[in-house]
1. Criterion first (under 21 Å from the mean Cα position of the chain (by Cα) and among the polar types (S, T, N, Q)) does A:GLN241 satisfy it?
2. Can you tell me how many residues in segment B:108-118 are without any contact (Cβ under 8 Å) to a residue 40 or more places away in the chain and over 11 Å from B:VAL91 (Cα atoms)?
3. Any residue at all in segment B:179-196 that is over 22 Å from the mean Cα position of the chain (by Cα) and not small (Gly, Ala, Ser)?
4. Look through A:ALA27, A:ALA98 and report the one residue that is touching a His at 6+ places or on another chain (Cβ under 9 Å), modelled with pLDDT of 95 or more and not acidic (Asp, Glu).
5. State whether the residues of segment B:24-43 include one that is closer than 30 Å to A:GLN94 by Cβ and over 15 Å from the mean Cα position of the chain (by Cα).
6. Pick from segment A:324-363 the residues that are over 14 Å from A:ALA20 (Cα atoms), more than 10 Å from chain B (Cβ to nearest Cβ) and in a loop (DSSP other than H, G, I, E, B): which of them is nearest to the chain's Cα centre (by Cα)?
7. Please find, among A:PHE81, A:PHE28, the residue that is crowded, with 19+ Cβ neighbours inside 10 Å, within 14 Å of chain B (Cβ to nearest Cβ) and either touching a residue at least 60 places away in the same chain (Cβ under 8 Å) or touching a Leu at 6+ places or on another chain (Cβ under 7 Å) (or both).
There are 2 protein chains.
Amino acid sequence: MSPWKAAQPGDWLDDIDTPALVLDLDAFERNLQRMADSLKGSQVRLRPHAKCHKTPEIAIRQIALGAVGICCQKVSEAAVFVAAGIEDVLVTNQVVGATKLRHLMELARRARIGVLVDHPLQVQALKAAAQAHGVTLDVYVEVDVGARRCGVAPGAEAVQLALLVAASPQLRFAGLQCYHGPAQHLRTPGERALAIGAAVQQVRLTRDAIEACGIAVVRITGAGTGTFWHERDSGVYNELQAGSYAFMDQDYGNNQHGDGDVVFEHALFVRTTVMSRPTADRAVVDAGLKASSVDSGLPTVWQRPGLCYAKAADEHGVIMTPDAAALALGDTLMLVPGHCDPTVNLYDELVCVRGDRVEALWPIAARGALL
Amino acid sequence: MSPWKAAQPGDWLDDIDTPALVLDLDAFERNLQRMADSLKGSQVRLRPHAKCHKTPEIAIRQIALGAVGICCQKVSEAAVFVAAGIEDVLVTNQVVGATKLRHLMELARRARIGVLVDHPLQVQALKAAAQAHGVTLDVYVEVDVGARRCGVAPGAEAVQLALLVAASPQLRFAGLQCYHGPAQHLRTPGERALAIGAAVQQVRLTRDAIEACGIAVVRITGAGTGTFWHERDSGVYNELQAGSYAFMDQDYGNNQHGDGDVVFEHALFVRTTVMSRPTADRAVVDAGLKASSVDSGLPTVWQRPGLCYAKAADEHGVIMTPDAAALALGDTLMLVPGHCDPTVNLYDELVCVRGDRVEALWPIAARGALL
C-alpha cells in the first residue's frame, strides 16, 4: 500500500497525486437514482453486486435507495460488508472447503446469508456445516441459462437439486440464480434481447417444473448492467444483481442501445499524469496495467477525442497524440477503465470528487478479499 | 483486504485457503542462486527490479546474495522499501509533479536514490527540488534503445541531456538507463540476441559521445530476465535490472532458449480449488482474473498436462477436462500465472511453502503502491 494517500478531502482536483481512482459523485449519484427510478412500480427488487465496488460506503447508499441487500462473490468479501453493517448478503457462488464453510456459517450468525449450489455434494456439505453451527441459510440453485460456467442444466437436473435442498431443514430453498454473463456485452440491443429471451424460457420451464413438485420458487435472481431491463420485464425474474451501473466502464460503454434500454454515465476514472513526452506523437502517462485492468480492453481518454491510449505496460501508458501541442509534461488526463471491477480491485480508496474538489475518500475495504 | 489469511506458518499445503499466491521456496532460492552464479567473475552488478515482487523480504535476500540495491518503478514503492531498510533504490522512471518530487527528496535524505530523466524540464524540476531540500540524487538519462516508450533518442539528444544534468551541482550524473522491454519476450534466442545487439550499438555510441564531452558515464543499467546474459556480456552494460527471474511466469516460460541462456524455474503459483463441476468436460475453479492477471495470457495448470485453463472471469476460471474423472469438486490445482508482476500486485502476502508445509507469510508490502 502507498505510505501516503492520493488526496485529502478539500483538495482541488488538480492536486490529486496520480494515478488515482476518481469517482465523480454527481454522475455516480445520478446512476444510482436512475437505477432506482427504473424499478419504480415494478415488483422486481434490486440486490446490486458489490464485487464491482467492494466499498461499504456505496452499498449503504444503494440500500438507502431501495436495494434489499447486496451480492458478493467471495466469503471474505461478504465478511467485509457484514462487518460494515450490511445485513443481507447473497454470495453468488458455490462455496467449497471446510475453512470457507466455517467462515460462511459464522457470517450466517450475524446476517441473512445466501449461497449457490450446483451439485449434490455442496448441498450435503452446507447441510452438515449449518447443522454443526446451528444456523440456517438461503440456498439458491444455480441454473446455467447460457453462460456455460457454473450451474446445473435447466429442467430435470435443477428440479433434483431443488428437491434435495428443500428436504434439508437447515437450508432454506430460496429460489434460482439465473445470471447470463456473456449476454451483458453482446454489442447490439437485438442480440442482448434474444439471449435474455432464451434464458427466460429456460428459467420459466425450470421454475414451473419445481413448482409442479410442490416447492415454491420464491426468488429468481440474476441480470447485469447490460440487460437488466429485459429481466425486469420478463415476468419471471424478481431480483436484479446489476453492479457496474454505479460506475460504468468502457466495455459497457461500447454497447449499442435501443429504445427502452436504461443507460448510465461514466462515473469512474483513473486520473493520470504525463510523465514523459519523448516524441511529437507519443506521450507516456503514469497509469499502466497496474492502474487500469486491461482484461476487457485498454482504457480510453475521457473527453480528449484526439488522444488514444495505445499501449499499457505495468506502470506506463503510451498515448498517441497526432497533434504535437496537445499534451505537455505534467498534464493530467482522465481515463475510462476498460473494466471497472478488476480496476477497482487495484486501489485502496476511491477519491470522490464533486466538481473540482475532493469531497471524500471511501475505503475500498474489500479490495483483495479473494478468499 | 480479506479479514483472514490464506494460511499460517506450519499449515500443510493442503490446508491453504484459496485462491492464494504460493511461493515455492526451494525453487525461488535456486533462482536467486542461479542469478548470483551467472554474474560471478564478471564486473557486472545486479540491481533487481522490485516492481515484480514488491516484497521487502525478497529484496533483503537478493542483496544478501550480492545485489547492490533494487530498482522501483514508483516513488511510493521506493518509500516502502526504504522504510524496510533498503539503502540504495533506483526509481527507473521519470518523476513529475511537486508532490512526487517532495516525497522523492524526503527519500533521498534517508537512502541513496536514483531517478531517470528524458526531458530538460525534468532536470530543471529535480534541480530545484534537490536544492530546496538540501539533498543530492543520482540522475540517469534514459535512452530509448528500442522500446519506443520513454527515453531520449541515442546520440546527440542524450548528450545534451547528460550535459545539462552534469552542470547541476545538486544532481549526480550517474549514467544511462537503457532497458529494452519488448526484447524480453521475443520468443527465439536469435531474435532476442539481435535486438540486444542493436541496443548495445546504440548505447556504445551514446556513451562514447558523452565521454567525448569529458563526462564519465559510470553506470549503464538495464536488462531483464529474457535477455540479461547478452547485456552482461556486452562490454557496455555494467548493471542488470532483471526481476522476474525470482518467480518466473508463463510468458517468460514460453520463451525458447539457446546455448548460454540462463534459465529459471517456476517458483510462483496461484493455488486454486475446484468449486463447480457442472459438466463432464468443464470444471470451474475459484481463481479468475482478480487472482491471476491475464494481460499477458491466461494462467496454465502446473503439472497436469490434460487440463487447460480456458477462460477467466472476475472470480471464476474455467478448466477444460477431456477426462471426466480428472477433477472432482474440492480438488486443488496450482496455476502458473501468465504475468508475475501484476499478479503479485493482487495479493497482500506470499504464502511461502517448502515441500508440503507453509514456512512463512511474507507481506507484499508495496502492493498497490501506485503513486
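The values are calculated or read from the model by the stated rules, or taken from the named source; none is laboratory data. This one's a predicted model, so the numbers in the text were calculated from it and none came from an experiment. A quick note on method: Cβ atoms are made from the backbone with ideal geometry, for glycine too, and the neighbour counts reach across all protein chains shown.
1. yes
2. Here the count works out to 4.
3. yes
4. Of A:ALA27, A:ALA98, the one residue that is touching a His at 6+ places or on another chain (Cβ under 9 Å), modelled with pLDDT of 95 or more and not acidic (Asp, Glu) is A:ALA27.
5. Yes - at least one qualifying residue is present in segment B:24-43.
6. Checked segment A:324-363; the qualifying residue nearest to the chain's Cα centre (by Cα) is A:GLY338.
7. A:PHE81
Let's see how each residue does on (1) polar (S, T, N, Q); (2) surrounded by fewer than 22 Cβ atoms within 10 Å (Cβ to Cβ); (3) within 14 Å of chain A (Cβ to nearest Cβ); (4) in a loop (DSSP other than H, G, I, E, B):
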position	(1), (2), (3), (4)
B:LEU176	no, no, no, no
B:HIS180	no, no, yes, yes
B:ARG187	no, yes, no, yes
B:GLY190	no, yes, no, no
B:LEU194	no, yes, no, no
B:ALA198	no, yes, no, no
B:GLN202	yes, yes, no, no
B:THR206	yes, no, no, no
B:ILE210	no, no, no, no
